[in-house]
4 protein chains.
Amino acid sequence: MIAKMGATVVCGGLGEVMAAVARGARAAGGATIGIVPGESRADANPWIEHVVVTGMGHARNLAVAASGDAVIAVGGGYGTLAEIAYARILGRPVVVLGPGWDLGREGIERAATPEEAVDLAVRLAGEADRRRLH
Amino acid sequence: MIAKMGATVVCGGLGEVMAAVARGARAAGGATIGIVPGESRADANPWIEHVVVTGMGHARNLAVAASGDAVIAVGGGYGTLAEIAYARILGRPVVVLGPGWDLGREGIERAATPEEAVDLAVRLAGEADRRRLH
Amino acid sequence: MIAKMGATVVCGGLGEVMAAVARGARAAGGATIGIVPGESRADANPWIEHVVVTGMGHARNLAVAASGDAVIAVGGGYGTLAEIAYARILGRPVVVLGPGWDLGREGIERAATPEEAVDLAVRLAGEADRRRLH
Amino acid sequence: MIAKMGATVVCGGLGEVMAAVARGARAAGGATIGIVPGESRADANPWIEHVVVTGMGHARNLAVAASGDAVIAVGGGYGTLAEIAYARILGRPVVVLGPGWDLGREGIERAATPEEAVDLAVRLAGEADRRRLH
């Protein structure tokens, strides 16, 4: 869905949710960027078109959050929590999809379905953009 | 209290909670380390004995969390949330003092008073240490 | 030339050499990735197709060097020197184009023209790849 | 010698030169800070009094260079070269002790003996400090 809207998927580049979203985006002809923690391009999953190798371990979560116009958070892992925290520090809007980190703070919206999450993310990214420009 | 137990205070080195804890530790004759985000030692508050200048912005939160045997989280800021997330990724025990981020997860304890927070942190750090060694 | 060989340009995303190489690659229809030090996508030059926002200041030089299969170093700046150093720490081959950092070490080749630099970089990247796989 | 002048040794915290300088400083009663690349305090050599755990791999070289008022570079390794580059980016004076990276640039002095290196580093750090303050 992200790909169909002409947007680029940026993620941590490894497995699980990061692989699932990249696989979906590639299947839809979209661009995918994976920002991996290790020192090798081979760490990325096969659906990452552009691998950014940071060599900085979990600090790469800052780059993942900072590189998005909006952040869609999936799952209850602590890496995801760090990315939510960084997104909010930097003023990026956050959409939490499904169960996971329900922090109940301003700037963090909930979505029940992927459709709703992508719609919200695109809309909130646009609003953040307008706030920045005006 | 941390200083009186012979432990070192590691924090982000800037103002507010970071300044208050460093001031207290110095007053008690303790060592303080401040890991600042910018590129200048002058960014640190006056109670930081050893300034580590990272030049890495908010990525320095990883180093703050990683450098502790246990993490005491004070306040509801997103920088604190990033440090809690990193502490748990790395297996450091977390004690949340007062209101703030009550995430309700294993490895994160609550404390009502500073005394309780320091006692808990020292005990949990010892347990984490024993788990690592055995 | 990099774009015409089907390779992707990865650079620091800002001005001068970083802008010149991105402009050339885009004109040839190639992909460009800019890994910027600040916290905003707006920092990137207009010829960067994919902006990776690190928020990590000069530490992003590690990611720039690590993300390439080979590194072409242009100019005598200290940021370039840091990238050469990181490339060699990580085993990436380095080609120095024109005047600049002539360190005279194994793994660092000199090129007199852009054509020679790209040819060398592609060949050395292939050799490094074969060494890694065998 | 650094310790005897009342200055603190900051280094990468691991073996070889980093261990030798920390051992010497501790023997003279000085403070030592080791900024390690991995995720564990146990990575530091035994003469590090204060371990800063970055979890950021080679990106920690930026913090090592940035945390000094002056940088004394020993040996010809690429990690040392990255630290020289970062020191100069940030305006820290550099003293190269013995053989190693003789880059022949302004802001990088040579020293033949440890005595000369420490004298130069302390003097240059003071000059840099005065430039910053005036």
Among the trypsin sites (Lys or Arg not before Pro) in the range A:55-134, which ones are in a DSSP loop with at most 16 other Cβ atoms within 10 Å of the Cβ? Mind listing them?
A:Arg105
In nm, what does the list of distances from B:Gly91 to its counterparts in the other copies look like, shortest first, when each label sits 7 Å along Cα to Cβ?
2.7, 4.0, 4.3
Under a 1.4 angstrom probe, counting protein chains only, how are A:Leu90, A:Leu62 ranked by accessible area, largest first?
A:Leu90, A:Leu62
With θ set to phi - 60°, apply the Karplus curve 6.51 cos²θ - 1.76 cosθ + 1.60 along the range A:110-116 and write out the HN-Hα couplings as whole Hz, x wherever there is a Gly or Pro.
9, 9, 8, 10, x, 4, 5
Heavy-atom accessible surface that C and B bury in contact, both chains counted, 1.4 Å, Å² to 100:
400
With a 1.4 Å probe and all protein chains kept in place, how much accessible area does D:Glu109 have, in Å² rounded to the nearest 10?
80
What residues in the range D:42-64 lose 40 Å² or more of accessible surface when the other protein chains are added to their chain alone (1.4 Å probe)?
D:His50, D:Val52, D:Val53, D:Met56, D:His58, D:Ala59, D:Leu62
Tail fraction, Cα-Cα pairs, the range A:55-105, threshold 11 Å, whole percent
64
Specify whether the C-alpha gyration tensor of the range B:87-134 places it in the rounded, prolate or oblate class, a ≥ b ≥ c being the square roots of the eigenvalues: rounded for a/c under 1.5, otherwise prolate if a/b is larger than b/c and oblate if not.
oblate
Post the alpha-carbon centroid distance, the range A:56-134 to the range B:1-72, in whole angstrom.
29
Restricting attention to the alpha-carbon atoms of chain D, what are Rg (one decimal) and Dmax (integer), both in Å?
13.9, 42
Once normalised by the length of the range B:1-57, the mean sequence separation of its alpha carbon contacts under 8 Å that are 6 or more apart gives a contact order in percent of 34
Take the Cβ-Cβ distance between D:Lys4 and B:Ala20 as r, set R0 to 30 Å, and report the resulting FRET efficiency rounded to the nearest 0.05.
0.30
If you roll a 1.4 Å probe over the range A:46-113 with all protein chains in place, what percent of the accessible area is carbon or sulfur?
49
Round to the nearest 10 and report in Å² the accessible area of B:Ser40, as given by a 1.4 Å probe over the protein chains' heavy atoms.
40
With every protein chain present, what is the per residue accessible area of the protein assembly as shown (1.4 Å probe, Å²)?
43
Rounded if a/c is under 1.5, else prolate if a/b beats b/c, else oblate: with a ≥ b ≥ c from the C-alpha gyration tensor eigenvalues square-rooted, which is the protein assembly as shown?
oblate
Give the nm distances, rounded to one decimal, from B:Glu16 to the matching residue in every other copy, measuring between label points 7 Å along Cα toward the beta carbon; shortest first.
3.0, 3.7, 4.2
When chain C is turned about an axis onto chain B, which of its residues keeps its C-beta closest to that axis, and how many Å is it?
C:Met56, 2
For C:Glu127 and D:Arg131, what does the FRET efficiency come to when R0 = 60 Å and r is the distance between their Cβ atoms, rounded to the nearest 0.05?
0.85
Taking C:Gly126 in one copy and the same position in all the others, each labelled 7 Å out along Cα→Cβ, what are the pairwise distances from the first, in nm, shortest first?
4.8, 5.9, 6.3
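The values are calculated or read from the model by the stated rules, or taken from the named source; none is laboratory data. Being a predicted model, the structure only gives us computed values, none of them experimental. Every residue, glycine as well, gets a Cβ built from its backbone with ideal geometry; the counts of neighbours run over all protein chains shown. The area values use the complete protein model at the heavy-atom level, side chains included, leaving out ligands, DNA and RNA. Shrake-Rupley method; radii C 1.70, N 1.55, O 1.52, S 1.80 Å.
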